[in-house]
Amino acid sequence: MNADQADPDRADNGRADGEEPVVRYEVRGAAALITLNRPRYRNAQNSAMTYALDAAFERAVNDDDVRVIVLAGAGDHFCAGHDIGTPGRDAGVSFQRKAVLWWDHVDKAGADARYAREMEVYLGMCRRWREIPKPSIAMVHGACIAGGLMLAWVCDLIVASDDAFFADPVVRMGIPGVEYFAHPWVLGPRFAKEALFTGGRFSAQRAYELGMVNRVVPRAELAQTAFALADQIAKMPPFGLSLVKRAVNQCEDLMGMRPGMDSVFGLHHVAHAHNAETSADSLAGMDARSMKSAAEQ
Ligand code: ZN
């Protein structure tokens, strides 16, 4: 096993939490295992993690020995969502950008800054990762909330443990879903509305019934199942896999996903702007703690 961090030489593999890299990278057989590594904050995704993730995906794509990518979360949960309140929140920090052709958000104001940042770190990065030419498997356990859903959804397959749960509760902020608006395509329109209207959790089993998840297994069998699937896929010819991945993605986009997301991204930013004009900030003054307490009321 060859284990180390995503890219030791890059400043954007942030270490806001001390010595541990925010994303771990290792190779297991034909698979690259990329692990979200802020377990103390349930792997809340800050920009440092986003750019480290991007570097890890790029590394896996460029390594000919890697045939499949497995994305996992360290600790008790896959990912609690975007970082909206840990000490490592870094929404005002500039990083080396390459996902989309947009200017840096840091010296901009208002909708200009928000739109530029979210087009890059949320919508742009997610699209980039969805389109990498190697198959990817999300290995999900525990919480997979809001921005965590985006990370699972950009993977080609999802293997979940039976304790995994999913939710997009951002309507509590008055925002119509997370930036990567795949909900109607991965959940079906009817359940997408229920999940968004209520913000409630749904189980791995429910996600399986909806077709969002490929396999549900006991927690103890999660890694074994995901890597067995990776090994099976790795036997196929790489170029064939890249073409069939593109084929399905192109058809999904012909089913309206890409333009759908673009149109909803506008609604998303109307909501941010409305919040910024009428409340404490673009998130309606809410952070991780207030979102959690709202969910428990
Ligand atoms: Zn947003």
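The values are calculated or read from the model by the stated rules, or taken from the named source; none is laboratory data. For clarity, every value in this text was computed on a predicted model and none was experimentally measured. For neighbour counting, all protein chains shown are included, and Cβ atoms are generated from backbone atoms with ideal geometry for every residue, glycine included. Just the protein is used for accessible areas: all its heavy atoms, side chains included, with ligands, DNA and RNA removed. Shrake-Rupley method; radii C 1.70, N 1.55, O 1.52, S 1.80 Å.
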**OP:** List the relative contact order of the chain as a percent without decimals, with contacts defined as Cα pairs under 8 Å and 6+ residues apart.
**Re:** 16
**OP:** Would you please classify the overall shape of the stretch 180-256 from the alpha carbon gyration tensor, given that a ≥ b ≥ c denote the square roots of the eigenvalues, rounded means a/c under 1.5, and beyond that prolate means a/b larger than b/c while oblate covers the rest?
**Re:** oblate
**OP:** Find the lysine pairs in the stretch 3-296 meeting two conditions, Cα atoms under 29 Å apart and a separation of 8 or more places or different chains, and report how many there are.
**Re:** 8
**OP:** Mind listing the long-range amide H neighbours of residue 136? Cut-off is under 5 Å, sequence gap 5 or more, other chains count too, H placed in the peptide plane at 1.01 Å from N.
**Re:** 69, 156, 157
Original post:
Taking Cα pairs under 8 Å and at least six residues apart, what relative contact order does the stretch 84-234 come out at, in percent?
Top reply: 19
**OP:** Report the one residue of 157, 288, 268 whose Cα lies farthest in the direction of the positive end of the charge dipole of the stretch 3-296 (charges on C-beta: Lys and Arg +1, Asp and Glu -1; origin at the Cα centre).
**Re:** 157
Original post:
Which helices of the chain meet both criteria: a Cα extent of 20 Å or more along the helical axis and a mean Kyte-Doolittle score no lower than -0.5, with helices taken as whole DSSP H segments?
Top reply: 47-62, 238-254, 257-278
Original post:
Arranged from highest to lowest average of other beta-carbon atoms within 10 Å per residue, in what order do the peptides 71-78, 260-267, 40-47 appear?
Top reply: 40-47, 71-78, 260-267
Original post:
In whole Å, what is the distance between the alpha-carbon centres of the stretch 61-120 and the stretch 185-208?
Top reply: 25
Subject >> Dimensionless Rg/Rh of the chain - Kirkwood Rh, Rg from C-alpha atoms >> reply: 0.94
**OP:** Using the heavy atoms of the protein chains and a 1.4 angstrom probe, tell me the accessible area per residue for the chain in square angstrom.
**Re:** 45
**OP:** Describe numerically, in nm with one decimal, the distance between label points set 7 Å from Cα along Cα→Cβ at residue 244 and at residue 30.
**Re:** 1.1
Subject >> Electrostatic dipole magnitude of the stretch 143-297 [Cβ: Lys, Arg +1; Asp, Glu -1; Cα centre; debye, to 20] >> reply: 240
**OP:** Would you calculate, for the chain, the mean residue ellipticity at 222 nm contributed by helices, counting each DSSP H stretch of 4 or more residues as -39,500 (n - 2.57) and dividing by all residues, to the nearest 500?
**Re:** -12500 deg cm²/dmol
Subject >> Carbon + sulfur, % of accessible area of the stretch 141-267 - ligands and nucleic acids excluded, 1.4 Å >> reply: 61
**OP:** Using a 1.4 angstrom probe on the protein heavy atoms only, line up 27, 270 by accessible area, largest first.
**Re:** 270, 27
**OP:** Quick one: accessible surface of residue 158, probe radius 1.4 Å, all protein chains present, in square angstrom to the nearest 10.
**Re:** 10
Original post:
Percent antiparallel among DSSP beta bridges with both residues in the chain, to the nearest 5?
Top reply: 35
Original post:
How do 114, 206, 190 rank by accessible surface area computed with a 1.4 Å probe, from largest to smallest?
Top reply: 190, 206, 114
Original post:
So how much slack lies between residue 94 and residue 232, counting 0.36 nm per residue of separation and subtracting their Cα-Cα distance, in nm?
Top reply: 45.7 nm
**OP:** Work out the length of the dipole vector of the stretch 3-296 about its Cα centre, built from +1 on the beta-carbon of each Lys and Arg and -1 on the beta-carbon of each Asp and Glu, and round it to the nearest 20 debye.
**Re:** 540
**OP:** Can you pull the one-decimal nm distance between simple spin-label points at residue 63 and residue 131, each 7 Å off the Cα toward Cβ?
**Re:** 2.4
